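Working notes, structure below.
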């Protein structure tokens, strides 16, 4: 009988999106984390653009989930939305994280 040994526990690395959600007092869900990570990279995007970006690596997320998450993050003040419905991180949210977060 083969006895398996547990995998070593790796420390959780700081994730700017997680820190941003915690700072805003929001729960860190996988869709929120992935969408915020994508916005850090894309800078500005619509729900459709973010959905396409997230689906490329095979992340299972629906367009409806992306749209709802963007709306909620916008209402919380973490995101801004322009007249073309393109979302970006709000300057106040980024500034609140400080220079060590990597979001500036």
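For segment 46-62, give me each residue that is part of a helix (DSSP H, G or I) and loosely packed, with under 14 Cβ neighbours inside 10 Å.
48, 52
Could you list, ordered by first residue, the pairs with Cβ atoms under 8 Å in which the first is in segment 10-26 and surrounded by 14 or more Cβ atoms within 10 Å (Cβ to Cβ) and the second is at pLDDT below 85 and not in a helix (DSSP H, G or I), at least 6 apart or interchain?
Pairs found: 16/102; 16/103; 20/103.
Name the pairs: first residue in segment 49-63 and within 17 Å of residue 29 (Cα to Cα), second residue at pLDDT 85 or above and assigned to a loop (DSSP other than H, G, I, E, B), Cβ to Cβ under 6 Å, at least 6 apart or on different chains?
Final answer for the pair search is 54/61.
Report, by residue number, each residue of segment 31-45 that is at pLDDT 90 or above and loosely packed, with under 14 Cβ neighbours inside 10 Å.
Hit for segment 31-45 is 43, nothing else.
The values are calculated or read from the model by the stated rules, or taken from the named source; none is laboratory data. Note that this is a predicted model, so its numbers are computed, not measured. Cβ: placed from backbone, ideal geometry, glycine included. Neighbour counts: every protein chain shown.
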